[in-house]
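Below: the structure, in structure tokens.
Here, each number is a calculation from the coordinates, and none is a lab measurement. What you see is a predicted model, and the numbers here were worked out from it, not measured in a lab. Cβ placement follows ideal geometry from the backbone for every residue including glycine, while neighbour counts extend to all protein chains displayed.
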Amino acid sequence: LRSYLRDESSRLRRLRRFYEKVQALHQDPKASVDNPLLAFSLIKRLHSDWPNVVYSEEAARNTQALHAGLGEVEQELPGAEDLDGAARALMRLQDVYALSVKGLASGVFQRAGQPPLYSPGRRVSLSADDCFHVGKVAYDTGDYYHSIAWLEEAASLFRLSYGSWNLEDRSSLEDALDHLAFSYFMAGNISHALSLSREFLRYADPTNQRVSRNVAKYKKLLEMGTGARGRWDWQGCHGPPPPLSPLMVLPLPPQAAPEQLLHLSCSYETNSSPYLLLQPAKKELVRIQPYVALYHDFITDAEAETIKWLAGPWLQRSVVASGEKQQKAEYRISKSAWLKDTADPVVRALDARIAAVTGLDLRPPYAEHLQVVNYGLGGHYEPHFDHATSRKSPLYRMKSGNRIATIMIYLSAVEAGGSTAFIYANFSVPVVKNAALFWWNLRRNGNGDGDTLHAGCPVLAGDKWVANKWIHEHGQEFRRPCSADPQD
């Protein structure tokens, strides 16, 4: 685009020079005819120079070069799936963090009446066309709660700039009103659907037969009394409450009892390991039930960057267990890669450090390879267990039992969001760069610990990288023996 603008600017400068030259020579028509030299130049210009300028192939060549340049990089550019995924990410952030659509469109990440959750160094606002696309993604999936909020903002912004046109816009006020009217109709607010349809006919296209038929239909429905349910309002959005994700609907128990909190502590741990004698692990006990510990400064910045660099070329859309198979799912939005301990000395050293801190056996097949995960725009993972809840799970193919423990290492910091939330236990752990979060997935009797249900909250701002190490039951019989109490 920069090359195209440079070449086109040069062409237009030459065209302007030609225009100014002609204008200067022929300001006085009588002189142009009286002077044979001026007369000749005028005749020549009108006969050959002017058509040569008008039909110049230079403009076409510049455009062709622009198209060719786009063609070279087109395969690397985001596709329709990426664009729609980004739109859904904005809606996810809107829901989970209760953000105002109007605020988001103006570059503000804020709940009503509260200070901003995140204040970017550079405030970026969305255009009317941007808001329309987010609303259209919701509209296409029948999600009229979100389509109403985003199309309302699009229509409002289009009204402010009505009559002007932006080169990059693919939609218009007419498109916003058309989709918004039908969204309100589907949400039950027929009177407002009628009002928007009339606005469409008044300002956009009075001859549109489809919208005219809709107006007649809405009027008839209102006369029949069908539009009564269109009077309600939900937080000013004129739509039904959003469909809640499991993250938002699971019941939460009371907060941890004060006597439990008294036992929480921070300490330097050697775990009787020679590996940790000179540099003990910095352990923060986050919760006793479920047992969750955070190890600060678990890796260095250089190690974190090495792991991200190693995983980068292998990142693929993350999958989840579904019966006996694994597949992509909307409730897990991330990319992941697996690194063997032979991939790099850093990975091997990390395995040794995990073994020292946990006291567990990580030798194959007692632990899985290191999984590196990148959560991008709105990346999240809805509530799930790390351990298998069915014997048909793919986890049992390793023939080393269930996942007894998880250690999750934060490879990057985020500016907002991205916490790890333990749903039933009712607490969350924020992203702490270079720290490692550890918890037991199974009780000592081998049963799954229901309190370990956890979720990766959506990333509001930043780029979240984590590395997971899942350790299995087999090989740990004498490292974490069963309790004398069968209920433990």
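Quick notes
- Note, ³J(HN,Hα) from phi for region 397-406, Karplus 6.51, -1.76, 1.60, rounded to Hz, x at Gly and Pro: 5, 6, 6, 10, x, 7, 7, 7, 8, 10
- Size of region 258-472: Rg and Dmax of its alpha carbons, in Å, are 16.4, 48.
- Put simply, the amide H of Val292, placed in the peptide plane, has neighbours under 5 Å in Val286, Arg287, leaving out anything fewer than 5 places away on its chain.
- Residue ranges 180-191, 68-79, 87-98, 306-317 sort as 180-191, 87-98, 306-317, 68-79 when ordered by packing (mean number of other C-beta atoms within 10 Å per residue, highest first).
- Per residue, the average separation of C-alpha pairs within less than 8 Å and at least 6 apart gives the chain a relative contact order of 11 percent.
- Region 101-180: GluC sites (Glu not before Pro) in DSSP loop, at most 10 other beta carbons within 10 Å: Glu168
- Over the residues of the chain, the helix contribution to mean residue ellipticity at 222 nm works out to -12000 deg cm²/dmol, using -39500 (n - 2.57) for each DSSP H run of at least 4.
- Relative packing of 115-124, 398-407, which averages over residues the other C-beta atoms within 10 Å, highest first: 398-407, 115-124
- Peptide packing: for 126-137, 213-224, the average count of neighbouring Cβ atoms within 10 Å per residue gives the ranking 126-137, 213-224, highest mean first.
- From largest to smallest, the equivalent ellipsoid semi-axes obtained for the chain from the alpha-carbon gyration tensor read 59, 34, 19 Å.
- HN-Hα J in Hz across region 435-451 - Karplus 6.51, -1.76, 1.60, θ = phi - 60°, x for Gly and Pro: 8, 10, 9, 10, 8, 8, 7, 10, 6, 5, 7, x, 7, x, 8, x, 6
- Tyr118 long-range amide H proximity, modeled H, under 5 Å: Phe109
- Given Lys136/Lys335; Lys136/Lys219; Lys102/Lys335; Lys282/Lys433; Lys340/Lys464, the pairs whose alpha carbons are separated by over 23 Å: Lys136/Lys335; Lys136/Lys219; Lys102/Lys335
- Close amide-amide hydrogen proximity is noted between Leu460 and Ala416, Gly417, Gly418, each under 5 Å apart and 5 or more residues distant or on a separate chain (H modeled in the peptide plane; Pro and chain starts excluded).
- Once the chain from Gln209 to Leu278 is taken as fully extended at 0.36 nm per residue, the excess over their C-alpha distance is 16.7 nm.
- Extension gain (nm, one decimal) between Asn447 and Glu58, 0.36 nm per residue minus Cα-Cα: 132.6 nm
- In this calculation the C-beta distance from Lys102 to Ser191 is compared with R0 = 25 Å, giving a FRET efficiency of 0.65.
- For region 12-27, 3J(HN,Hα) per residue [Karplus equation, 6.51 cos²θ - 1.76 cosθ + 1.60, θ = phi - 60°, Hz, x = Gly/Pro]: 5, 5, 5, 5, 5, 4, 4, 4, 5, 5, 4, 4, 5, 6, 10, 5
- Each Cα pair of region 121-171 feeds into the Kirkwood radius, which the Stokes-Einstein equation turns, at 4 °C and 1.567 mPa s, into a diffusion coefficient of 113 µm²/s.
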